[in-house]
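Below is one structure, written out as C-alpha cells, with a few remarks after it.
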Amino acid sequence: MWQTFVFVAIWLVGTVATFVPVLPATLIVWLGALVYALLTGFQEITVWWLLGLGIVALATSFVDNIAAAVGAGRFGGSRAAGWGALVGSIIGIFLGPLGILIGPMAGAVVAELITGRPFDQAVRAAWGTVLGLAASVVVKFMIHLLMGIAVLWRIAQ
C-alpha cells in the first residue's frame with residue numbers, strides 16, 4: 001500500500017513538472033512506475049508494462065519539438081524560432097513567472113531576427129511557436145495524467 005503512495009507522489013511531481021520546460025517531466029512519471037515496480041517485485045507493474053510506458057514516454061518527449069515546429073511553420077517561422085523559444089523558455093525560468101511566459105516568445109523573436117527576418121514576420125513566427133509549445137504542454141499534461149491513471153488501474157486489479 002505504501003508503495004502506491006510513493007508512486008503517486010512521484011507521478012504528481014512529474015505531472016507538475018510538465019509546466020517547467022527544463023525538467024524531464026515524462027521521465028519522472030515513468031520513473032515513478034519503475035520505482036513502484038521495483039518496490040513490489042514487478043508484481044503488478046511488469047517489465048512489459050514498463051516497456052509499454054517507456055514507449056509512450058519516448059514518443060511524448062518529442063511532442064515539444066514537433067509542436068513548436070508545427071506552430072512556427074503555420075505562422076511562417078523557421079526551425080530557428082523553435083530553438084529560440086526553447087532557449088527563451090530555459091532563460092525565462094530564472095526570471096520568475098513572467099519570464100516563463102515571455103521567455104519563449106522573446107527567444108523565438110530573437111532567433112528569427114538573427115536569421116534575417118523582418119520584425120513583423122519574426123513576431124508572427126514567435127507567436128506560432130509559443131502556441132505550439134503551449135499546445136504541447138496541454139498534450140503532455142494529459143498524457144502524464146493518463147500514464148498515472150493506467151498505472152493506478154493496473155495496481156488496483
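For segment 9-36, which positions are without any contact (Cβ under 8 Å) to a residue 40 or more places away in the chain and either of a type outside the set (A, V, I, L, M, F, W, C) or buried (at least 22 other Cβ atoms within 10 Å of the Cβ) (or both)?
The answer is PRO24, and nothing else.
Going by the structure shown, is SER89 more than 14 Å from the chain's Cα centre (by Cα) and either crowded, with 18+ Cβ neighbours inside 10 Å or farther than 23 Å from ILE28 by Cβ (or both)?
So SER89 does not fit the description; no.
Condition check: touching a helix residue (DSSP H, G or I) at 6+ places or on another chain (Cβ under 8 Å) and assigned by TED's automatic domain parsing to the domain that holds GLY132. Does VAL109 satisfy that?
Yes; evaluated as a whole, the condition is true for this residue.
Quickly run through segment 103-157 and pick out the residues that are over 19 Å from VAL56 (Cβ atoms) and within 13 Å of the chain's Cα centre (by Cα).
Listed by number, the residues that qualify are GLY132, LEU133, ALA134.
Taking THR40 as meeting all but one of (1) of a type in the set (Ser, Thr, Tyr); (2) closer than 30 Å to PHE5 by Cα; (3) not assigned by TED's automatic domain parsing to the domain that holds PHE7, write down the number of the exception.
(3)
What residue, of ILE102, ILE155, is surrounded by fewer than 21 Cβ atoms within 10 Å (Cβ to Cβ), within 30 Å of GLN3 (Cα to Cα) and touching a helix residue (DSSP H, G or I) at 6+ places or on another chain (Cβ under 7 Å)?
ILE155
The values are calculated or read from the model by the stated rules, or taken from the named source; none is laboratory data. Since the structure is predicted, the reported quantities are computational estimates derived from the model, not experimental observations. Glycine also receives a Cβ, built like all others from the backbone with ideal geometry; neighbour counts cover every protein chain displayed.
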